[in-house]
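K.L.:
Please find one structure pasted underneath; my questions will follow.
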Amino acid sequence: MNVILLGPPGVGKGTAAKRMVEVYGVPQISTGDLLREAVKNKTDLGLKAKKYMDAGELVPDDLVIGLLKERVAKQDCRKGFILDGFPRTIPQAESLDASGIRIDVVVNLHADESVIIERLSGRRDCPKCGAIYHVKNKPPKKAGICDACQSELITRDDQKEEVIQNRLQVYRKQTEPLIRYYEKKGIQKTINAVQTIEKVFEDIQKAIGQA
Ligand code: AMP
């Protein structure tokens, strides 16, 4: 089961992917997480990527494609994987095709922009264990503190208001054309992301034929 989760930033790809990991036991591959790890470790790639990420721009294709291919080649991806946040441009999708990495289904999570803005600006992340919260929709038990590991939650730089606007614009211009790209291949399924997490997951299961 090789699945791509497509959709604008903040639509809930990460949350859906985590649920899929629990149920199907295949890894979630988030290029955003891989890049943040590289930034944290101050690798060459991380140093190059940081300025784009902080501004809400996409990291150049060649950097991200290499990172992704390296990750997909690992043992734990043999039974399948969930791509979360990749591909984000047509050249990235073409490079997947060219490298013979098979994709079974592309699940396109859809939500109106006003919903996205509300979701993104209220999002809080745990820098230690990666847990995701929302001040309104999924607050931690104690404000500002991770339920799982008690670390102090953060607002990622790329989730600040002006950066959010830019990320949405980048999404419309560079990533949205992928919906059509996969539609043409007959493997794209659109799902309404403005539902409970459980309902979204149910729809994903139907879309990938495992309901
Ligand atoms: P995410 O956590 O998926 O929203 O990613 C955070 C940031 O990492 C994005 O705003 C981009 O700067 C960068 N990024 C993640 N995935 C990609 C990708 N596939 N292509 C280019 N940039 C990416």
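All of the numbers you see were taken from the coordinates with simple rules; none came from a lab. Predicted model only: the values in this text are computed from it and were never measured. As a convention, Cβ positions derive from the backbone with ideal geometry for all residues, glycine included, and neighbour counts pool all protein chains shown.
K.L.:
If amide H atoms are built 1.01 Å from N in the plane of the peptide, which residues on other chains or at least 5 residues away come under 5 Å of the amide H of Ala131?
P.N.:
Hits under the 5 Å cutoff: Cys126.
K.L.:
Given Lys40/Lys74; Lys142/Lys199; Lys48/Lys128; Lys13/Lys185; Lys42/Lys189, which pairs have Cα atoms separated by over 29 Å?
P.N.:
Lys42/Lys189
K.L.:
Applying a 10 Å radius around every beta-carbon, put 74-81, 18-25, 62-69 in order of their mean neighbour count, most first.
P.N.:
With the highest mean Cβ count within 10 Å placed first, the list reads 62-69, 18-25, 74-81.
K.L.:
Counting only helical runs of four or more DSSP H residues, what would the 222 nm mean residue ellipticity of the chain come to if each run contributes -39,500 (n - 2.57) and the total is spread over all its residues?
P.N.:
Helix contribution divided over all residues of the chain: -13000 deg cm²/dmol.
K.L.:
Something else now. What FRET efficiency, computed as 1/(1 + (r/R0)^6) with R0 = 22 Å and r the Cβ-Cβ distance, is obtained for Glu152 and Glu198, rounded to the nearest 0.05?
P.N.:
Working from the Cβ atoms, E equals 0.15.
K.L.:
Once phi is turned into θ = phi - 60°, what whole-Hz ³J(HN,Hα) does the Karplus curve with 6.51, -1.76 and 1.60 give for every residue of region 123-132, x standing for Gly and Pro?
P.N.:
6, 10, 10, 8, x, 8, 9, x, 5, 10
K.L.:
Using θ = phi - 60° and the Karplus form 6.51 cos²θ - 1.76 cosθ + 1.60, what ³J(HN,Hα) does each residue of region 3-13 get, whole Hz, x for Gly and Pro?
P.N.:
After applying 6.51 cos²θ - 1.76 cosθ + 1.60, I find 10, 10, 9, 10, x, x, x, x, 7, x, 4 Hz.
K.L.:
In terms of modelled amide H atoms, which long-range or inter-chain residues lie less than 5 Å from the amide H of Leu6?
P.N.:
Hits under the 5 Å cutoff: Val107, Asn108, Leu109.
K.L.:
What number, in percent, do you get for the relative contact order of region 91-211 if the mean sequence gap of Cα pairs under 8 Å and at least 6 apart is divided by its residue count?
P.N.:
32 percent
K.L.:
Quote the relative contact order of the chain in percent (integer), defining contacts as alpha-carbon pairs under 8 Å separated by 6+ residues.
P.N.:
The normalised contact order for the chain reaches 30 percent.
K.L.:
On to the next question. Please figure out what share of the DSSP beta bridges in the chain is antiparallel and state it in percent, rounded to the nearest 5.
P.N.:
Percentage antiparallel, nearest 5: 25.
K.L.:
5 Å is the cut-off here: which amide hydrogens, built 1.01 Å from N in the peptide plane, fall below it relative to Ile29, excluding neighbours closer than 5 in sequence?
P.N.:
Ile82, Leu83, Asp84
K.L.:
For region 172-200 and region 36-69, write down the distance between their C-alpha centroids in whole Å.
P.N.:
One Cα centre to the other: 25 Å.
K.L.:
A further question follows. How do Ser151, Ser30, Ser95 line up, fewest other C-beta atoms within 10 Å first?
P.N.:
Ascending number of Cβ neighbours within 10 Å: Ser151, Ser95, Ser30.
K.L.:
Which residue fluctuates most in the GNM of the chain (Cα springs below 10 Å): Glu118, Glu70, Glu94?
P.N.:
For the chain, modelled as a Gaussian network with Cα springs under 10 Å, the answer is Glu70.
K.L.:
If you plug each phi of region 26-35 into the Karplus form 6.51 cos²θ - 1.76 cosθ + 1.60 with θ = phi - 60°, what whole-Hz ³J(HN,Hα) values come out, in order, with x for Gly and Pro?
P.N.:
Rounded to whole hertz, the list is 10, x, 8, 10, 10, 5, x, 5, 4, 5.
K.L.:
What is the dipole size for the chain, taken about its Cα centre, with +1 at each Lys and Arg Cβ and -1 at each Asp and Glu Cβ, in debye to the nearest 20?
P.N.:
The dipole of the chain has a size of about 320 debye.
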